[in-house]
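Below is one structure; the comments refer to it alone.
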Amino acid sequence: MGRYQEISRKFTDTFNKHDLDALAKLYAEDAVAYDPMYPEPLRGRAAIRKDAATFFKGLPDVHYEIISTIEKDDQNGADEVRMTGTHTGPLETPTGQELPPTNRRVDLKGGAFTRLNERGEIVEERRYYDVATVLRQLGVMPEPAEEPVTAKR
């Protein structure tokens, strides 16, 4: 196991303990995280910590799992991940509005491409997941309509 994979596993363990301080320390002070839910990147350790706190508050049982890891070298890699949890707490949206608990279950797969600095801190993270899936699972966005079958093949 290389350094990237070691940090990736440490992130998972820390996230699943919901230890905000330890999680934040895995990131460099000037880290940048790109997340499809946000219109602008999360910049800095404090912003990334706040994002995690939002998830822990809104989904107190949130769990993060690595499905597979591709390690390019000690400082670059990617993980396919799965995040599950139940929306039983208030969830702050990227616009600052609060979504009251829906008591609905979220089960989401996605990916993260991550770059570490020489100290093993995360300096850049690019998260990929389907935002519409999250919104549908929370009941905020309706399921897509089924198209009627008009012709037989």
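Bear in mind that the values in this text are calculations on the coordinates, not laboratory data. Just so it is clear, the model here is predicted, and its values are computed rather than measured. Here Cβ is always computed from backbone atoms with ideal geometry, including for glycine, and neighbour counts include all displayed protein chains.
One table, with the values for the structure above:
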quantity: In the range 39-54, residue surrounded by the most Cβ atoms within 10 Å (Cβ to Cβ) [restricted to those that are in contact (Cβ under 8 Å) with a residue 24 or more places away in the chain and over 16 Å from residue 113 (Cβ atoms)]; calculated: 52
quantity: Subset of the range 1-28 [part of a helix (DSSP H, G or I), surrounded by fewer than 15 Cβ atoms within 10 Å (Cβ to Cβ) and either among the acidic types (Asp, Glu) or free of Cβ contacts under 8 Å to residues at least 24 places away in the same chain (or both)]; calculated: 6, 10, 13, 17, 21, 22
